[in-house]
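The values are calculated or read from the model by the stated rules, or taken from the named source; none is laboratory data. Nothing here was measured: the structure is a model prediction, and the numbers come from that model. Cβ placement follows ideal geometry from the backbone for every residue including glycine, while neighbour counts extend to all protein chains displayed.
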Amino acid sequence: MKVVLLAGGMGTRISEETEYRPKPMLEIGGMPILWHIMKEYSYYGFNEFIICAGYKQHIIKEWFRDYFIYTSDVTFDLTDTYKMEVHEMHSEPWRVTVVDTGLNTMTGGRIKRIQKYIGNETFMMTYGDGVCDVNIADLVDFHQKHGKIATLTAVVQEQSKGVLDIVANTGAVRSFREKKNSDGLPINAGYMVLNPEIFDYIEGDRTSLEREPLEAIASKGELMSYHHKGFWQCMDTKPQKDELEAMIEKNEAPWMVWSR
């Protein structure tokens, strides 16, 4: 099953960090947060990724092109016969497709643009700026058992994300709307599993996945929630980035399941 990562936004709420690189490439613990997300999926055996890039997309492409250099010791022979030797090469079992999905394309539009790389298959999708310790194997199993079009991971946090009206005891999402300050309800944390029918609900570049598509399938009873009671944190602001850094420094990063 392929994993789609949304990594094309400008990261305006953390603009002091994103002037020169896209937000998913901001580093925590010395590696981009995008890498952290991919390592978690890989831990559960999902190693084929499609990255929906946009803002400064060339930086993402260059980083993966030079991955061996970033993660290994390298000898550069600058004599007449220039040679480069990589020592103790660190590889990943990943196949990564980076797609330029446009600078101002909305989330749904970015997904629509990578449809040809998905085909008629169920796929996973999450945002490239948040980490979580959700059990992805259990999430996929939950999705496969209920047979609906989409599953999203729901958490309860004080964040300005999409609010979910969930039917008790079933997990069905009756409605999907933007959060208000007065809410204390589950929110969409990403980490979705989507059947290919989702493409039918996306019109084009100006479609936000969190608006018409999810609202439409929720109204039809085709959107389910996987309730996650563990850790989830997005990186919208500098203090949130610093908080994630501190967790890594203290060896208390719940999402780093691969390092335990």
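Key figures for this structure:
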item: Test set (1) loosely packed, with under 13 Cβ neighbours inside 10 Å; (2) within 30 Å of MET1 (Cα to Cα) - LYS61 fails condition number; result: (1)
item: Count of region 1-44 residues which are touching a helix residue (DSSP H, G or I) at 6+ places or on another chain (Cβ under 9 Å), within 22 Å of THR71 (Cα to Cα) and hydrophobic (A, V, I, L, M, F, W, C); result: 10
item: Residue list for region 207-260, restricted to those being within 23 Å of GLN144 (Cα to Cα), outside any loop (DSSP other than H, G, I, E, B) and of a type in the set (A, V, I, L, M); result: LEU214, ALA216, ILE217, ALA218, LEU223, MET224
item: Selection status of LEU185, over 23 Å from PHE46 (Cα atoms) and at pLDDT 95 or above; result: no
item: One residue from GLU85, GLU17 being touching a strand residue (DSSP E or B) at 6+ places or on another chain (Cβ under 6 Å) and acidic (Asp, Glu); result: GLU85
item: Sole exception among (1) touching a strand residue (DSSP E or B) at 6+ places or on another chain (Cβ under 8 Å); (2) assigned to a helix (DSSP H, G or I); (3) modelled with pLDDT of 95 or more for ILE69, by number; result: (3)
item: Filter pass, ALA150 being modelled with pLDDT of 95 or more, hydrophobic (A, V, I, L, M, F, W, C) and surrounded by 22 or more Cβ atoms within 10 Å (Cβ to Cβ); result: yes
item: Pick from region 25-49, criterion in a helix (DSSP H, G or I) and of a type in the set (Ser, Thr, Tyr), ranking: farthest from ASN135 (Cα to Cα); result: SER42
item: Residues that are more than 17 Å from the chain's Cα centre (by Cα) and under 20 Å from GLY11 (Cβ atoms), drawn from region 103-129; result: LEU103, ASN104
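Yes/no per residue for (1) modelled with pLDDT of 95 or more; (2) within 26 Å of GLY8 (Cβ to Cβ); (3) not in a strand (DSSP E or B):
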| site | (1), (2), (3) |
| --- | --- |
| VAL131 | yes, yes, no |
| LEU139 | yes, yes, yes |
| PHE142 | yes, no, yes |
| GLN157 | no, yes, yes |
| VAL163 | no, yes, no |
| ASN169 | no, no, yes |
| PHE176 | no, yes, no |
